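The values are calculated or read from the model by the stated rules, or taken from the named source; none is laboratory data. Since this is a predicted model, take the numbers as computed values, not measurements. Note that each Cβ is placed from the backbone with ideal geometry, even for glycine, and that neighbours are counted across all protein chains shown.
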Amino acid sequence: MEMSLEAIPVPVSDTDRAKDFYANVLGFAVDIDAKMSETTRFVQLTPPGSRCSIHLGEGISLMEPGSLKGLILVVDDARAARAELQGRGLELSEVEEQPWGRHVYFSDPDGNTWTVQESFARNQARAAVTAG
């Protein structure tokens, strides 16, 4: 059986502020922004190159704003990604070197935490496919 994770709800306190952050600071594409009712607004954003989107808005999540911890964005080069995101005004940690990759950490305006990860194994596998 094949399964695909394609959407993750991100709990936020201010939909417009969160949409601006994810679209204009992180560069996510705004796929949908729809007011479903007086109490429900649904916003879907997708990171560049990803098949998995995030959902935010009003009336769509029972989680407390800022309670989502540890989402991971995988990149080819953590240092380059950090420099680009820092240039857009995002506050990030320094690059943390691990035996399996490099990590950079940041939070959205509500305190949901994210990791930007460079996976050594993923990059090696990609290089092997390209070379072979």
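Taking S61, is it closer than 14 Å to W114 by Cβ and surrounded by 12 or more Cβ atoms within 10 Å (Cβ to Cβ)?
Considered against the rule, which asks whether it is closer than 14 Å to W114 by Cβ and surrounded by 12 or more Cβ atoms within 10 Å (Cβ to Cβ), S61 comes out as no.
For the range 108-125, which residues satisfy the criterion of being modelled with pLDDT of 90 or more, over 22 Å from A83 (Cβ atoms) and of a type outside the set (S, T, N, Q)?
Hits for the range 108-125 are D110, G111.
Taking the range 66-112 only, how many residues are touching a Leu at 6+ places or on another chain (Cβ under 7 Å) and touching a residue at least 40 places away in the same chain (Cβ under 8 Å)?
Number satisfying all stated conditions: 2.
Being crowded, with 17+ Cβ neighbours inside 10 Å and out of contact with any strand residue (DSSP E or B) (no Cβ under 7 Å at 6 or more places or on another chain) is the filter; apply it to the range 1-31 and report the residue that is farthest from R82 (Cα to Cα).
Ranking the candidates gives P11 first.
Restricting the search to the range 39-65, which residues are assigned to a loop (DSSP other than H, G, I, E, B) and within 14 Å of the chain's Cα centre (by Cα)?
Of everything in the range 39-65, those that are assigned to a loop (DSSP other than H, G, I, E, B) and within 14 Å of the chain's Cα centre (by Cα) turn out to be P47, P48, G49, S50, R51, C52.
When the residues of the range 89-107 are filtered to those that are among the charged types (D, E, K, R) and either at pLDDT below 95 or in contact with a strand residue (DSSP E or B) (Cβ under 7 Å, 6 or more places away or on another chain) (or both), which remaining residue is surrounded by the most Cβ atoms within 10 Å (Cβ to Cβ)?
Ranking the qualifying residues of the range 89-107, first place goes to R102.
Quick one: which of A128, A34, A80 is part of a helix (DSSP H, G or I), among the hydrophobic types (A, V, I, L, M, F, W, C), at pLDDT 95 or above and out of contact with any Ser or Thr (no Cβ under 6 Å at 6 or more places or on another chain)?
A80
Would a scan of the range 59-75 turn up a residue that is farther than 17 Å from I8 by Cβ and modelled with pLDDT of 95 or more?
There is at least one residue in the range 59-75 that is farther than 17 Å from I8 by Cβ and modelled with pLDDT of 95 or more.
Across the range 32-49, which residue is surrounded by the fewest Cβ atoms within 10 Å (Cβ to Cβ) among those that are touching a strand residue (DSSP E or B) at 6+ places or on another chain (Cβ under 8 Å) and closer than 23 Å to F106 by Cα?
Here the answer is P48.
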